[in-house]
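Taken together, the values in this text are just the output of simple stated rules run on the coordinates, not laboratory data. Keep in mind the model is a prediction, meaning the values are calculated, not measured. No Cβ is skipped: glycine too gets one built from the backbone with ideal geometry, and neighbour counts run over all protein chains shown.
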Amino acid sequence: MTITVTGATGHLGRFVVEALRHRGAPVVAAVRDTSKDLGVPARLADYDRPETLVPAFEGTDRLLFISGSEAGRRVEQHRAVVDAAVRAGVGHIVYTSITKADTSTNPLAPEHKATEELIVASGLPYTFLRNNWYLENYTGNLATALEHGVILGAAGQGRVAAATREDFAAGAVAVLTGDGHAGKIYEVGGDVTMSMADLAAEVTAQSGTQVAYQDLPADDYAQALIGFGLPEGFARLLAAADVSIAQGSLDVATGDLSTLIGRPTTTLAEAVAVALKK
């Protein structure tokens with residue numbers, strides 16, 4: 001059984017490839033840059049170059065289709081991936097979607113919903129891994145929070161069932177190497193939800209430096225992100241995503257991920273501890 005992983009050099013994909021490699025699973029990395037050594041065979045696969053996709057997917061029994069990162073362009077790109085999977089005779093697509101993709105108010109959800117519909121319409125066996133937020137979204141820039149004593153956002157008291165990239169990767173590996181997952185939709189995320197105030201309190205407790213969460217109106221948060229150097233469109237998208245969090249879009253703790261990986265998901269405290277050591 002050959003497993004192909006798209007986006008294999010990305011934040012999530014590299015963890016999946018490494019875990020599969022350690023299991024001795026026959027894995028192929030489908031990547032835009034084949035010069036990077038992942039320790040497994042690599043094939044050129046560029047979502048913006050559909051002609052590269054069919055050759056990349058040939059002989060694939062199970063395809064981990066990691067969603068593209070360019071919001072606003074995903075549907076076009078993802079349609080090319082699904083079409084190529086059909087033409088290449090892929091046996092099963094495992095797609096990384098977003099929490100409650102079919103009903104969510106999160107502005108990122110519509111593209112994932114559209115992709116899920118494309119996959120269902122393709123007739124190929126599928127599994128949807130509807131990923132919640134990465135804990136690293138919050139722990140990746142703690143130095144700035146500690147410097148200024150504040151974490152900014154527009155998420156209000158909304159809660160997030162975040163998990164680490166390695167947790168999500170382990171869930172994907174369990175599906176790719178296991179049986180009985182065809183037709184399943186897993187709402188995957190952390191076992192315990194957290195708020196931004198919880199994050200600030202945990203950082204304060206572990207670092208000894210007072211850090212507070214400052215909730216802002218969405219427009220003010222977007223302006224702050226623009227001031228930090230983010231493009232305006234992306235900044236407003238992140239602010240809108242925070243508003244959806246305040247509305248409960250990511251307050252979805254199902255236990256699906258811990259069931260798949262056979263252990264509890266990484267806690268906020270554990271993730272903060274690792275981040276503070278870096």
**Message:** Looking at the chain as a GNM with Cα springs under 10 Å, which of 65, 57, 228 has the largest mean-square fluctuation?
**Reply:** 228
**Request:** Please build a GNM for the chain, connecting alpha carbons under 10 Å apart, and tell me which residue among 144, 52, 96 fluctuates the most.
**Result:** 144
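Trypsin sites (Lys or Arg not before Pro) within region 1-106: which are DSSP loop residues with at most 13 other Cβ atoms inside 10 Å? Spell out each step's value before the answer.
Values: sites: 14, 21, 23, 32, 36, 43, 62, 73, 74, 79, 87, 100; in loops: 32, 36, 73, 100.
Filter output for region 1-106: 36, 73.
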**Request:** Kindly write out, for region 74-82 in residue order, the coupling ³J(HN,Hα) from the Karplus curve 6.51 cos²θ - 1.76 cosθ + 1.60 (θ = phi - 60°), rounded to whole Hz, with x marking Gly and Pro.
**Result:** 5, 4, 4, 5, 5, 4, 5, 5, 5
**Request:** Calculate, in nm to one decimal, what residue 254 and residue 277 gain on full extension: separation in residues at 0.36 nm each, minus their alpha carbon distance.
**Result:** 5.3 nm
**Item:** Student exercise, region 3-131 dipole from Lys, Arg, Asp, Glu Cβ charges, in Debye to nearest 20
**Value:** 280 debye
**Request:** Count the lysine pairs in the chain whose Cα atoms sit under 25 Å apart, keeping only pairs 8 or more residues apart in sequence or on different chains.
**Result:** 4
**Message:** Which one, 123, 1, 29, projects farthest toward the positive side of the charge dipole computed for the chain from Cβ point charges (K/R +1, D/E -1)?
**Reply:** 1
**Message:** Roughly how far apart, in whole Å, are the Cα centres of region 183-243 and region 7-49?
**Reply:** 29 Å
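Cβ neighbours within 10 Å, averaged per peptide: list 135-142, 156-163, 232-239 in order, most packed at the top. Working shown, then result.
On the way: 135-142: 18.9, 156-163: 22.5, 232-239: 17.2.
By packing density, highest mean first, the sequence is 156-163, 135-142, 232-239.
Rounded to the nearest 5, what % of DSSP beta bridges with both residues in the chain are antiparallel? Could you put the intermediate results ahead of the total?
Values: 2 of 31 bridges.
Just about 5 percent of them are antiparallel.
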**Asked** Taking the Cα centre of the chain as the origin, how large is its charge dipole in debye, to the nearest 20, when only Lys and Arg (+1) and Asp and Glu (-1) carry charge on their Cβ atoms?
**Response** 620 debye
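So what are region 3-131's ellipsoid semi-axes, whole angstrom, largest first, if each one is the square root of 5 times an eigenvalue of the alpha-carbon gyration tensor?
On the way: eigenvalues 100, 48, 40 Å².
Equivalent ellipsoid of region 3-131: 22, 16, 14 Å, largest first.
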